[in-house]
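Chemist: One structure, pasted below without further comment.
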Amino acid sequence: MRNFVFSEIMKIRRQLMMTLAQMYEKGTLQEHLAGIPKMLLPGPHGTYRSSVYHEREVMKQRTKMYLGMDYERSRELELYELPSLIDDILGMKSDLVSHDRFVQVIKEACDSCPSGRYYATDLCRNCVAHSCYNACPKKAVEIQNDRAVINIDQCIGCGLCAKACSFYAIVKLERPCERSCALQAIAKDASFAADIDYSRCVSCGACYVACPFGATESPSHLLRTLAGIRRGEEIIAIFAPAIVAQFGPKVTLGQIKNALKKAGFSDAVAVAAGADEVAEEEAHFLEHTAGTVTTSCCPAFVDYIGKNQPDFTDRISPAPSPMIALAKHLKTGAGKIAFIGPCIAKKLEASKGPFVDYVLTFEELGALFIAKGIEPAAQEDATVEGSRLGWGFAAAGGVTAAVKELCTRELRTLRMDGLAEGKETFQTARQEKFDLIEGMACAGGCIAGPGIMVNPKVAAGALKKAGSAT
Amino acid sequence: MEIKVCVGTTCHLLGATELVEALKDLPPEIARKINLGYSVCFESCQGTMRPPIISINGKYHQDMNPSRMKALILKTAESERS
């Protein structure tokens, strides 16, 4: 499970989300849109980068994505061109809106950092043994000015020199995005900027979390949700169990439910109720099935199976994800459903069916509350739906625990905790017989997803107390 | 020393949780002197001050991060001693 460290990247993202949402609510967005980068990055010197013009350009691209636009298709548009288009964009009538790509690289923000080669640092002491020099099969290590230098034309990237050095002076240069991606879905474009290979990407959002330049971004549904509320749509908010503790230890789940209703949603229901139903359905299914079944609640995991373990595609649980299970019950004629969770892949899952219209992350929900002037802590408490088993879906191991408890026969289970475990998990699944394979794209489960606001360890503690006894 | 940390939604989104965590890491001789409280909102973040905001002995400080906050607390403790 990843550690959670608050960073300037989060601050930039959240500040921009808040600004856009506040302006939209005040009705001043069209008027002030073009001035946002200059307003938030006043200069004359850069706040986060050496050039203020560079950081404003990045913010311009990010602003368009937070309006819900596709990066590639809107890249050349200036913010001052948008006011006349904005109603169509937020009404999703424009072809500039992103429908199928929810993880994109802002090329202007990408630092094109070096990767794939080895570099001898100044920790090199020019020792007598020269183990690096001797270990290299290609004679790519040279000694210049009293230290080791790696000739990149001859280096084949085997790493033997790094292993041989007694001072850890040789490091492998890696891009944080590439390292974070368990599926090797990040390539380089012609100018060496990161480039997502969508034939491999499952929209897990690991690179969104990993990039220290904040170059990976996800087109947002925040403003279009606010637009839907303003149009008077009946939108039911359904919130994922990972929401525990997201608004601080003092805010209860009931207060979040009431805050959502006050914000303009016609109702607010815990997805844990849908998870309870899924657990029942899977337990029931397993009682009558002899073969292996994989879970279906994590959309990135389902996508992973399709792209990487196709022989298991027909083993995916027939139960829908908790989000879809609940949305199916709540959806009425013209009514809309907004899913609130920690997840980017859910945007893609929602776009594939008719049940969920809007997907917000917890960060975006925070911005929505601020724009509406609502403090969750000031709301009255209420009871929330879902048993402890349904709430447990938010952490790795939770689905397994729920299905095991509800199934009358003994189950042999296997878990893939994070995409990095994928290869090994499915290798094991082919050698031995398992009844249930639980898959979570994010190690630790949804509480460690890309759109979280608190440390997953804190959320895991709070999760133990959530939900009614069964 | 009276310290209040705003834990309203705006400050929460912009890093108030980190400040609360950082307060736990203060040297014990300073931590002993601190009377810590939380505020839902100082109602000054929307426009006039940049969140996250804390107050030390009634005075507001904006745009806090753990290191800036620690420095402020140490400075205040120093001036209280002399």
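Chemist: Checking A:SER7 against (1) surrounded by 20 or more Cβ atoms within 10 Å (Cβ to Cβ); (2) among the small types (Gly, Ala, Ser); (3) within 14 Å of chain B (Cβ to nearest Cβ): exactly one of these is not met. Which one?
Modeler: (1)
Chemist: Report, by residue number, each residue of the stretch A:24-62 that is among the β-branched types (Val, Ile, Thr), touching an Asp or Glu at 6+ places or on another chain (Cβ under 9 Å) and touching a residue at least 40 places away in the same chain (Cβ under 8 Å).
Modeler: A:VAL58, the sole residue that qualifies.
Chemist: State all residues of the stretch B:1-22 that are open to solvent by less than 30 Å² (accessible area, probe 1.4 Å) and facing chain A (nearest Cβ under 7 Å); if no residue qualifies, say none.
Modeler: Result: B:GLY8, B:THR9, B:THR10, B:HIS12, B:LEU13, B:LEU14, B:GLY15.
Chemist: Among the residues that make up the stretch A:15-24, is at least one of them closer than 24 Å to B:ARG50 by Cα, more than 22 Å from the chain's Cα centre (by Cα) and more than 14 Å from chain B (Cβ to nearest Cβ)?
Modeler: So far as the stretch A:15-24 goes, yes, one or more of its residues are closer than 24 Å to B:ARG50 by Cα, more than 22 Å from the chain's Cα centre (by Cα) and more than 14 Å from chain B (Cβ to nearest Cβ).
Chemist: Right, another one. Within the set of pairs 6 or more residues apart or between chains, which connect a residue that is in contact (Cβ under 8 Å) with a residue 40 or more places away in the chain and basic (Lys, Arg) inside the stretch A:245-273 to a residue that is assigned to a helix (DSSP H, G or I) and open to solvent by 10 Å² or more (accessible area, probe 1.4 Å) with Cβ atoms less than 7 Å apart?
Modeler: A:LYS250/A:ALA377
Chemist: Could we say that A:MET39 is of a type in the set (A, V, I, L, M, F, W, C), assigned to a loop (DSSP other than H, G, I, E, B) and open to solvent by 50 Å² or more (accessible area, probe 1.4 Å) here?
Modeler: no
Condition check ((1) modelled with pLDDT of 95 or more; (2) touching a Leu at 6+ places or on another chain (Cβ under 9 Å); (3) open to solvent by 80 Å² or more (accessible area, probe 1.4 Å)) across all residues:
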| site | (1), (2), (3) |
| --- | --- |
| A:LEU20 | yes, yes, no |
| A:GLY35 | yes, yes, no |
| A:TYR53 | yes, no, yes |
| A:ARG75 | yes, no, no |
| A:ASP100 | no, yes, yes |
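Chemist: Looking at A:LYS261, A:LYS250, A:LYS257, can you tell me which residue is within 14 Å of another protein chain (Cβ to nearest Cβ), farther than 22 Å from A:MET65 by Cβ and among the basic types (Lys, Arg)?
Modeler: Testing whether each residue is within 14 Å of another protein chain (Cβ to nearest Cβ), farther than 22 Å from A:MET65 by Cβ and among the basic types (Lys, Arg) leaves just A:LYS250.
Chemist: Which ones in the stretch A:231-281 are basic (Lys, Arg) and closer than 24 Å to A:PRO456 by Cα?
Modeler: Result: A:LYS250, A:LYS257.
Chemist: Taking the stretch A:42-72, which residues are more than 26 Å from A:PHE102 (Cα to Cα) and either in a loop (DSSP other than H, G, I, E, B) or in contact with a His (Cβ under 7 Å, 6 or more places away or on another chain) (or both)?
Modeler: Result: A:PRO42, A:GLY43, A:PRO44, A:HIS45, A:GLY46, A:THR47, A:SER50, A:SER51, A:VAL52.
Chemist: Please determine whether any residue of the stretch A:63-85 is basic (Lys, Arg), more than 30 Å from A:ALA300 (Cα to Cα) and in contact (Cβ under 8 Å) with a residue 12 or more places away in the chain.
Modeler: There is no residue in the stretch A:63-85 that is basic (Lys, Arg), more than 30 Å from A:ALA300 (Cα to Cα) and in contact (Cβ under 8 Å) with a residue 12 or more places away in the chain.
Chemist: State which residue pairs qualify: first residue acidic (Asp, Glu) and inside the stretch A:102-117, second residue surrounded by fewer than 21 Cβ atoms within 10 Å (Cβ to Cβ) in any location, beta carbons under 8 Å apart, and separation of 6 or more residues or different chains.
Modeler: Filtered contacts from the stretch A:102-117: A:GLU108/A:HIS54; A:GLU108/A:GLU57; A:ASP111/A:PHE213.
Chemist: What about A:PHE285, is it more than 14 Å from chain B (Cβ to nearest Cβ) and aromatic (Phe, Trp, Tyr)?
Modeler: yes
Chemist: On to the next question. In the stretch A:25-53, what residues are hydroxyl-bearing (Ser, Thr, Tyr) and either under 24 Å from the mean Cα position of the chain (by Cα) or within 14 Å of chain B (Cβ to nearest Cβ) (or both)?
Modeler: A:THR28, A:THR47, A:TYR48
Chemist: When you go through A:ARG56, A:ARG2 one by one, which is the residue that is closer than 30 Å to A:GLY445 by Cβ and away from chain B (no Cβ under 14 Å)?
Modeler: Every option except A:ARG2 fails the conditions.
Chemist: Output yes when any residue across the stretch A:89-108 is within 30 Å of A:GLU217 (Cβ to Cβ) and part of a helix (DSSP H, G or I), and no when none is.
Modeler: So far as the stretch A:89-108 goes, yes, one or more of its residues are within 30 Å of A:GLU217 (Cβ to Cβ) and part of a helix (DSSP H, G or I).
Chemist: Do you know which of the residues in the stretch A:372-403 that are farther than 13 Å from A:ALA466 by Cα and within 23 Å of the chain's Cα centre (by Cα) is nearest to the other protein chains (Cβ to nearest Cβ)?
Modeler: A:ALA396
Chemist: Further, regarding this structure: Looking for whichever is basic (Lys, Arg) and closer than 17 Å to A:LEU286 by Cα here; the options are A:LYS423, A:LYS433, A:LYS457. Which one fits?
Modeler: Step by step, each of A:LYS423, A:LYS433, A:LYS457 is checked, and only A:LYS433 is basic (Lys, Arg) and closer than 17 Å to A:LEU286 by Cα.
The values are calculated or read from the model by the stated rules, or taken from the named source; none is laboratory data. Source: prediction; values computed, not measured. Positions of Cβ are generated from backbone atoms using ideal geometry, with glycine treated the same way; all protein chains shown enter the neighbour counts. Remember, those area values only see protein heavy atoms, side chains included, never the ligands or the DNA or RNA. Shrake-Rupley method; radii C 1.70, N 1.55, O 1.52, S 1.80 Å.
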